[in-house]
Amino acid sequence: MVNGIERPLDLLNSAKGKEILVQLKSGKQFVGTLLAFDIHINVVLDNAKEIEGGEQTKSYGLTFLRGDTIVFISPSSAAKA
Amino acid sequence: MVNGIERPLDLLNSAKGKEILVQLKSGKQFVGTLLAFDIHINVVLDNAKEIEGGEQTKSYGLTFLRGDTIVFISPSSAAKA
Amino acid sequence: MVNGIERPLDLLNSAKGKEILVQLKSGKQFVGTLLAFDIHINVVLDNAKEIEGGEQTKSYGLTFLRGDTIVFISPSSAAKA
Amino acid sequence: MVNGIERPLDLLNSAKGKEILVQLKSGKQFVGTLLAFDIHINVVLDNAKEIEGGEQTKSYGLTFLRGDTIVFISPSSAAKA
Amino acid sequence: MVNGIERPLDLLNSAKGKEILVQLKSGKQFVGTLLAFDIHINVVLDNAKEIEGGEQTKSYGLTFLRGDTIVFISPSSAAKA
Amino acid sequence: MVNGIERPLDLLNSAKGKEILVQLKSGKQFVGTLLAFDIHINVVLDNAKEIEGGEQTKSYGLTFLRGDTIVFISPSSAAKA
Amino acid sequence: MVNGIERPLDLLNSAKGKEILVQLKSGKQFVGTLLAFDIHINVVLDNAKEIEGGEQTKSYGLTFLRGDTIVFISPSSAAKA
């Protein structure tokens, strides 16, 4: 398997301490450093920034995102957001 | 880990007694002092204030927020809301 | 902790027999005397009144509110609603 | 406690055999005689009538209402609906 | 209790082999002969017909309806739909 | 019971290897050969075709459909879709 | 059974390491190489690309998709998307 990912959460585990992109159901996106997650896909980001239409609109610092509002998480796309 | 956060709820635990910003699915935001939370992310705020469009619109005092209506919680952004 | 609230349900427990404000996902609000609640946040109000746009629109007497339709509950705001 | 209601379902239990008003998430209301309910708040009404805009629009006789479509139930308001 | 209905599913059990009316959350209705149901309120109808605006629009024969899409079920109203 | 259907899943079991029609909550329909299903009503179709407005719009081959997006499944209507 | 698929997840298991098409409830589609999935249908794609209106709009690399946002998954349609 690529990058040793056998279960979906392995990807989140390997992304700890790195920048990730989080897409919310509302249409908004967050980028920030992944500090923690759980099986509900609740995540905590450090230095969280909200993105709308490709533009950074707000900065939230440490932020807890509730898992059931998340569509996808991409660790490698944070830099491009 | 930054601030000793290993699990998502650690962030909420460290924010007890401090001001937090809560984003609801309806689009409204609340700021208030975090008194309590549980694993469903139900939270109790003291001195809760509702924010719409960056303006404080209502004051609710002690307030129970049901977890499944919450998108994100940011402890460090309450002062800026 | 303020008012001895360590868990979110402690706030509802302390509000039994008092007037509370309940915000529903539909946008409507109820005020009434809290008689009972459970872990699903199902609540029973006595002397329940529906509020829309700050106006009391209907009176329902004893009313059972299903927990999954509730956004927030504020015990101290009922008088102001 | 008023009317011996300690848990939310106590209100429904005391309303068995009486007329109740049921508000659905779709905006429609039903009135009918409560025959049975369960912990999911599934209910069975006898002589069920659908109400829209204060007018009785349809008559369904014995009807099973699925709990997750219910917003509130008011035993004492059926006569006024 | 009327018709020996003590629990909500008793009504569905007594309706097996009879015509029922099923209201879906989408606004559509089905009528058909109830063959089977389970605790999720998944139901199987024989000779299922879709109703929109009081008109029969389609005929589906044997049909499985997923419980979480159902608002209400009325055994005695099928003939009138 | 007609066709030996005592529980809702019996209908799906008897439809294995046959063409079925699947209605999704989004309004789209799929037809295809039922290969497998589980208690969540997740299904796998072979030779899956998407139907919109009575027209076949796309062909997907082997397809996994997530159960919570399904409204109804009709084995006998696939030929007519 | 075709391709040895007895349970729905067998299709996803057989698609590991291959390109799949994922339809989201929001209307967007992803194509990418399936690396991992779990019983919630959370999936991890490598080389994930977002598709809207038949056009590839964005490239996300390694991506975690939350299961409850997925409508269907088609392994054999990725090349045509």
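The values are calculated or read from the model by the stated rules, or taken from the named source; none is laboratory data. Computed from a predicted model, the values in this text were never measured in an experiment. Note that each Cβ is placed from the backbone with ideal geometry, even for glycine, and that neighbours are counted across all protein chains shown. Surface areas here come from the heavy atoms of the whole protein model, side chains and all, with no ligands, DNA or RNA. Shrake-Rupley method; radii C 1.70, N 1.55, O 1.52, S 1.80 Å.
If only one of F:Gly61, F:Gly4, F:Gly54, F:Gly17 is small (Gly, Ala, Ser), open to solvent by 10 Å² or more (accessible area, probe 1.4 Å) and free of Cβ contacts under 8 Å to residues at least 12 places away in the same chain, which one is it?
So the residue among F:Gly61, F:Gly4, F:Gly54, F:Gly17 that is small (Gly, Ala, Ser), open to solvent by 10 Å² or more (accessible area, probe 1.4 Å) and free of Cβ contacts under 8 Å to residues at least 12 places away in the same chain is F:Gly4.
Pick from segment G:1-16 the residues that are facing another protein chain (nearest Cβ under 8 Å) and modelled with pLDDT under 95: which of them is farthest from G:Gly61 (Cα to Cα)?
Selected residue: G:Met1.
Any chance you could count how many residues in segment B:1-52 are part of a strand (DSSP E or B) and hydrophobic (A, V, I, L, M, F, W, C)?
Result for segment B:1-52: 15.
Can you pull out every residue in segment D:27-47 that is more than 7 Å from chain E (Cβ to nearest Cβ) and under 24 Å from C:Leu24 (Cβ atoms)?
Within segment D:27-47, D:Gly27, D:Lys28, D:Gln29, D:Phe30, D:Val31, D:Gly32, D:Leu34, D:Ile39, D:His40, D:Ile41, D:Leu45 qualify.
Out of F:Glu52, F:Glu19, report the one residue that is among the acidic types (Asp, Glu) and at pLDDT below 95. Steps first, please.
Values: F:Glu19 fails: at pLDDT below 95.
Just a single option satisfies the conditions, and that option is F:Glu52.
Looking at segment G:53-65 only, could you name the residues that are of a type outside the set (Ser, Thr, Tyr) and in a strand (DSSP E or B)?
Answer for segment G:53-65, where residues must be of a type outside the set (Ser, Thr, Tyr) and in a strand (DSSP E or B): G:Glu55, G:Gln56, G:Lys58, G:Gly61, G:Leu62, G:Phe64, G:Leu65.
For segment F:20-51, how many residues are in contact (Cβ under 8 Å) with a residue 60 or more places away in the chain and within 22 Å of G:Gly67 (Cβ to Cβ)?
Residues in segment F:20-51 being in contact (Cβ under 8 Å) with a residue 60 or more places away in the chain and within 22 Å of G:Gly67 (Cβ to Cβ): 0 in total.
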